[in-house]
Amino acid sequence: MEVILLNIKRISFSYGSDKILDNISLSVNPGEILGIIGANGSGKSTLVNIICGVLKPTSGRIEYLKQDIANKSVRNRARIISVVPQNGYLPLSFTVSEIVSMGRTPYMGFFEREDSKSLEHMDLAMSLTQTTGLDNKYIGELSEGQIQRVLLARSLTQNCPIMLLDEPTASLD
C-alpha cells in the first residue's frame, strides 16, 4: 500500500474577488521532491502559505499521513512542515546561530535552551549549508546569499518530514 505523505485536495483560494487558486490537488509520497513552476503571480507562494497554515483556503483540505493538518496546533504543524520563505524578514540584531536555533522552537518550552539533540541538529544544518563560520555574525552583516543559506539551515534544523522552499535559490551565488 502506497503511503501519501502530503495530500492536497481541491484547494481554492481568493484574495477578495481575485481567485488565485482553483481546485488544486496533488499528492507527495515519502522521499519525493515536487517542484511547482509558474509565472510570477500565479499562486505558488500562496499555495506554500496555505500548506504551512499562514493562509486558510476558501475550500479544500490538506492532509499529512491522512490527517487534516487544519486540526493540528501551530506547534504540531511546525513539527511536520518547515518553510524557507521567499522574502523572510529577519531582525538585523540576531546572530546566525540565534536564527538557526529558531528551527528548534517547536520542540522546546518557553525559556528553554537548546539541548544536546537540538545542538546536533543545528551543527549538522549549518555544516550542510556552509554557515558554520557565520554563527556569531549578525544577520545585518550578511549578503543576501548568506542569509538564504541561514534560512535553509533554520529549516533543516527544524527536522520536519516536509520542507517547503519558496524560491530557495534566489540570491544564492
In nm, spacing of pseudo-spin labels at K9 and D123 (7 Å Cα→C-beta vector): 4.4 nm
Two-site FRET efficiency, E141 against N40, from Cβ-Cβ distance with R₀ of 25 Å, rounded to 0.05: 0.25
Longest exposed-site-free window of the chain, the sites being trypsin sites (Lys or Arg not before Pro) in a DSSP loop that have at most 13 other C-beta atoms within 10 Å: 1-65
Computed over the chain: relative contact order in percent, which uses C-alpha pairs under 8 Å that are six or more apart: 24 percent
Calculated FRET value between K72 and T105, using beta carbons and R₀ = 22 Å, to 0.05: 0.90
For the chain, the longest site-free run once chymotrypsin sites (Phe, Trp or Tyr not before Pro) in DSSP loop states with at most 16 other Cβ atoms within 10 Å are removed: 1-88
Solvent-accessible area per residue for region 1-83 (1.4 angstrom probe, square angstrom): 62 Å²
Relative contact order of region 77-156, pairs being alpha-carbon contacts under 8 Å that are 6 or more residues apart, as %: 48 percent
Loop GluC sites (Glu not before Pro), region 73-173, which have at most 15 other Cβ atoms in a 10 Å radius of their Cβ (DSSP): E112
Too-long pairs where the Cα-Cα distance tops 25 Å, listed order kept, from K44/K72; K66/K117; K56/K137; K19/K44: K66/K117; K56/K137
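The values are calculated or read from the model by the stated rules, or taken from the named source; none is laboratory data. None of these values were measured; they are calculated from a predicted model. Reconstructed Cβ throughout: ideal geometry from the backbone, glycine too, with neighbour counts over all protein chains shown. The accessibility values were calculated without ligands, DNA or RNA, using every heavy atom of the protein model including side chains. Shrake-Rupley method; radii C 1.70, N 1.55, O 1.52, S 1.80 Å.
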